[in-house]
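What follows is one structure encoded as structure tokens, with my remarks underneath.
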Amino acid sequence: MTSTQTLDDTDRRVIARWAAACAERVLPLFDAEPEAAHAIHDALARTRAFSAGESNAAVEIGKRMIAVKAAGAATTPAGAAAARSVAQASGVAHMGAHALGAAAYAVKAVSLAPR
């Protein structure tokens, strides 16, 4: 039986582009030491590369937890949510449903940001 979570590569690439756009909008809320910031920016760049067909799911699956770990270095709750949005976007190569997490964490980041 095929899972309802199953998308082909073409569909996951489209969804990854959308998830990256969600995460990118809140990325300025992320503040951490340079190493963690680099990891988050790299994860977003890899997500964009996957969406453009310049990477494949196997490579991205192997690297997707890097952003999750870097999110722990955030200095604010809004920043942590922004980093988790990127981490979820980078997980779309593995499973399209991670795009929903990218959008949800982006919303959470905005709701936690100082006004």
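Here, each number is a calculation from the coordinates, and none is a lab measurement. The shown structure was predicted, so the numbers you read here are calculated from the model rather than taken from an experiment.
Note on segment 9-112: the C-alpha convex hull projects to 5.2 nm² when averaged across all orientations.
Taking 0.36 nm per residue of separation and subtracting the current Cα-Cα distance, fully stretching the chain between E54 and H38 would add 3.8 nm. Compute the acute angle (0 to 90°) between the alpha-carbon long axis of helix 77-90 and the principal axis of greatest extent of the alpha-carbon atoms of the chain; round to the nearest 10°. Taking Cα atoms only, the helix is inclined about 20 degrees. If you fit an axis through the alpha-carbon atoms of helix 34-51 and take the longest principal axis of the Cα set of the chain, what angle between them do you get, 0 to 90°, nearest 10? Approximately 30 degrees, to the nearest ten. When only Cα pairs below 8 angstrom with a gap of at least 6 residues are kept, segment 9-112 shows a relative contact order of 38 percent.
With 0.36 nm allotted per residue and the present C-alpha distance subtracted, the K63-T76 stretch has 2.3 nm of extension available.
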